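These notes are about the structure you will find just below.
The values are calculated or read from the model by the stated rules, or taken from the named source; none is laboratory data. No experiment lies behind these values; they were computed from the predicted model shown. Counting neighbours? That spans all protein chains shown, and the Cβs are built from the backbone with ideal geometry, glycine included.
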Amino acid sequence: MPSFTLAAGEQRDVKSAGLYLSIVEASGKFIIKGDGLGTELTGEVGRVLKLPNINNLTFENRGAVDIDIDYESANIEVSASGKGVVSVGNEPWIAGMRNAIKVDANATVENGKMAMLPASGYLPLPDLTIPAGQARKFANARVGSTNRAVIIQTITESNADISRLRIGVSNTTAVAGKGIILLGDIDSLAGYEFETETEVWLYNESTEDATVTGGEQWR
């Protein structure tokens, strides 16, 4: 297989005895010209030229850097896959693809059916009484836990007014007139499963004390 270095600005005559000329390796692009081609062509890695009745070509390097070239001339067409020079136009994106990807699986598939993965941790929370018109923290934050959920249930005694509670993630977001509402008592339980890593706060919009219970689970 012929090979040579085409210096910057150099032209070199190349004999092609076969029907096909294949550029096997090239460290850069160059010009291929010759009688019978009709136009100047670009020489680069992987390019195959069919040259019926054309035996003499000229390789020209119009760049400022030397180019190393390997080529073959044969009567059969030879193609190669998976070789060549790859130009990356978005380096930050490619760099991100090189980094390991962490996947937190929330479900599993078996026999064509999907099932959610069960929680592996559970913590029961103590009953909490919330005075009327006030907010109290019901659960602490649990950052970094997968599928963490806080379960809240109203268990206010039935001889009191039905409890009316608002859910928030701080004492400034658990306020009257905003957010998810729970309305119930021990005889008519209201419940909610809140998926969050943050703290959970409850505000009592009722006119009497409200009592809640529940727990948190995670995987």
Q.
Looking at Ile76, Ile69, Ile54 in this structure, which one is in a strand (DSSP E or B) and modelled with pLDDT of 80 or more?
A. Ile69
Q | Residue list for region 192-211, filter: outside any loop (DSSP other than H, G, I, E, B) and under 40 Å from the mean Cα position of the chain (by Cα) | A | Tyr192, Glu193, Phe194, Glu195, Val200, Trp201, Leu202, Tyr203
Q.
I need the full set of residues from region 116-164 which are part of a loop (DSSP other than H, G, I, E, B) and of a type in the set (A, V, I, L, M, F, W, C), in order please.
A. Leu117, Ala119, Ala132, Ala141, Val143, Ile155, Ala160, Ile162
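Before we move on, is Thr146 polar (S, T, N, Q) and over 32 Å from the mean Cα position of the chain (by Cα)?
no
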Q: Name the residue, out of Asp209, Asp161, that is in contact (Cβ under 8 Å) with a residue 60 or more places away in the chain, over 27 Å from Val143 (Cα atoms) and in the same structural domain as Arg136 (by TED's automatic domain parsing).
A: Asp209
Q.
Cβ contacts < 7 Å: first residue among the acidic types (Asp, Glu), restricted to region 31-48; second residue assigned to a loop (DSSP other than H, G, I, E, B), any location; separation 6+ or different chain. Result?
A. Glu44/Lys29
Q) So which residues in region 1-42 are over 14 Å from Asn56 (Cα atoms), among the hydroxyl-bearing types (Ser, Thr, Tyr) and not in a loop (DSSP other than H, G, I, E, B), if there are any at all? A) Ser3, Thr5, Ser22, Thr42
